[in-house]
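The values are calculated or read from the model by the stated rules, or taken from the named source; none is laboratory data. Because the structure is predicted, anything quoted here is derived from the model rather than measured. A quick note on method: Cβ atoms are made from the backbone with ideal geometry, for glycine too, and the neighbour counts reach across all protein chains shown.
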Amino acid sequence: MRLHVFAASLLFLTASGSALAADRDVLWKIVDGGCVPAAASGVMPPPCTRVEMPAGREFGWAVMKDRRGVLQYLLLPTARISGVESPELLQPGAPNFFAQAWHARDLLDQLNGHALPREAVSLTLNPVRRRSQDQFHIHISCIRPDLQVRLQAAEADLKQDWAPLPGGWQGHTWMVRRVDGDRLDAVNPITDIAAHVPGAVADMGAIGIGVVAMSFKDGKPGFVLMATRRDDNDPTSGIAEHDVQEHDCTVVKGAAPASSS
């Protein structure tokens, strides 16, 4: 029965965008009915690509190819977690799903045929009422080329503490902070935002999150963490995926193969 549900969900996922939006549990059905059972069988049905449950299903994650974009994957918990608003994400011992999404970027390299430049990769998480699915999912894809230029130009304004990005971005207010290091294991963007962005923890469901890899002018690899708030009077606000990412990955067109850290 579970495999039949998975097959129906997969057909639904590959149908039109309007059909996908009609069922907000499609991604959960694919994870629960396909990816997790497949992890035990050793045969991974598309779009499931990878499942890791090192501490059991309640703390595991699955990665699947998104139907949109040349280079886009999704990382989802193997447990039922609806989204950024879920209190489970702020509990002690909760998985750092952004760190695992960053580790999973090797799938972009494989699909691309060679390693992407580190600075081409970004991660996003959309808030409630700015997403079509109610299973937590991080978008793993490329950065918008214009945002890459914008952040490089604003590097002097990127501090270790959260602060507004001067001038905002795409007509929206974005809080940003610099994080040094080539991995995200030491910082969980969700808990960091909840703890340090004013007002965020009171309404995490309104928060959109972006993570952009950068190599800073001082020679250090790192990331820019980004947080924005959904404004119900502005239907374009809060959509981190739109403001941060470009799934066709034109940022790497013509780029020579590069090593990935």
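Could you tell me which residue of the range 144-159 is nearest to the chain's Cα centre (by Cα), considering only residues that are within 28 Å of Gln72 (Cβ to Cβ) and without any contact (Cβ under 8 Å) to a residue 12 or more places away in the chain?
Asp146
Given the criteria under 15 Å from Gly210 (Cβ atoms), under 20 Å from the mean Cα position of the chain (by Cα) and of a type in the set (S, T, N, Q), does Gln170 qualify?
So Gln170 passes the test.
With respect to the numbered conditions (1) buried (at least 21 other Cβ atoms within 10 Å of the Cβ); (2) not in a strand (DSSP E or B), which one is the sole condition not fulfilled by Met226?
(2)
Restricting the search to the range 160-196, which residues are closer than 16 Å to Leu147 by Cα and in contact (Cβ under 8 Å) with a residue 40 or more places away in the chain? Before you say what the answer is, go through the steps one by one.
Quick first cut of the range 160-196, residues closer than 16 Å to Leu147 by Cα only: 164-178.
Once the filter is applied, which keeps residues that are closer than 16 Å to Leu147 by Cα and in contact (Cβ under 8 Å) with a residue 40 or more places away in the chain, the range 160-196 yields Leu165, Trp169, Gln170, Gly171, His172, Thr173, Trp174, Met175, Val176, Arg177, Arg178.
Residue pairs, Cβ under 8 Å, 6 or more apart or interchain, first in the range 58-73 and within 17 Å of Gln110 (Cβ to Cβ), second of a type in the set (Phe, Trp, Tyr) and surrounded by 16 or more Cβ atoms within 10 Å (Cβ to Cβ). List them.
Every condition considered, the pairs that remain are Val63/Tyr73; Met64/Tyr73; Lys65/Tyr73; Asp66/Tyr73.
Kindly provide the set of residues from the range 33-50 that are surrounded by fewer than 22 Cβ atoms within 10 Å (Cβ to Cβ), within 14 Å of Ala79 (Cβ to Cβ) and modelled with pLDDT of 95 or more, ordered by number.
Kept after step one, since they are surrounded by fewer than 22 Cβ atoms within 10 Å (Cβ to Cβ), are these residues of the range 33-50: 33, 36-47, 49-50.
Right, trim to within 14 Å of Ala79 (Cβ to Cβ) and you get 36, 39.
Val36 - this is the single residue of the range 33-50 that is surrounded by fewer than 22 Cβ atoms within 10 Å (Cβ to Cβ), within 14 Å of Ala79 (Cβ to Cβ) and modelled with pLDDT of 95 or more.
Results for (1) closer than 25 Å to Cys249 by Cβ; (2) crowded, with 19+ Cβ neighbours inside 10 Å, shown as yes or no for each residue.
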residue: Arg57; (1), (2): no, no
residue: Ala62; (1), (2): yes, yes
residue: Leu76; (1), (2): yes, yes
residue: Gly93; (1), (2): no, no
residue: Phe97; (1), (2): yes, yes
residue: Ala104; (1), (2): yes, yes
residue: Gly113; (1), (2): yes, no
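Among the residues that make up the range 87-102, is at least one of them of a type in the set (Asp, Glu) and either in contact (Cβ under 8 Å) with a residue 40 or more places away in the chain or closer than 18 Å to Leu184 by Cα (or both)?
No; the residues of the range 87-102 include none that is of a type in the set (Asp, Glu) and either in contact (Cβ under 8 Å) with a residue 40 or more places away in the chain or closer than 18 Å to Leu184 by Cα (or both).
Out of everything in the range 64-74 that is surrounded by 16 or more Cβ atoms within 10 Å (Cβ to Cβ) and not hydrophobic (A, V, I, L, M, F, W, C), what residue ends up being farthest from His114 (Cα to Cα)?
Filtering the range 64-74 for residues that are surrounded by 16 or more Cβ atoms within 10 Å (Cβ to Cβ) and not hydrophobic (A, V, I, L, M, F, W, C), the one farthest from His114 (Cα to Cα) comes out as Asp66.
Select from the range 51-89 the residues that are small (Gly, Ala, Ser), more than 18 Å from Ile207 (Cα to Cα) and under 15 Å from the mean Cα position of the chain (by Cα) and write down the one among them that is modelled with the highest pLDDT.
Per the criteria, the residue is Ala62.
Taking Arg131 as meeting all but one of (1) out of contact with any strand residue (DSSP E or B) (no Cβ under 8 Å at 6 or more places or on another chain); (2) surrounded by fewer than 14 Cβ atoms within 10 Å (Cβ to Cβ), write down the number of the exception.
(2)
Within the range 99-182, considering only strands (runs of 3 or more DSSP E) that don't extend past its boundaries, which have at least 1 residues that are farther than 22 Å from Val63 by Cβ and either modelled with pLDDT under 95 or among the aliphatic types (A, V, I, L, M) (or both)?
Ranges flagged: 174-180.
Consider only pairs whose beta carbons are under 6 Å apart and that are at least six residues apart or on different chains; among these, list those whose first residue lies in the range 197-220 and is touching a residue at least 12 places away in the same chain (Cβ under 8 Å) and whose second residue is of a type in the set (Ser, Thr, Tyr) and surrounded by 21 or more Cβ atoms within 10 Å (Cβ to Cβ).
Qualifying pairs under 6 Å: Gly208/Thr228; Gly210/Thr124; Val212/Ser122.
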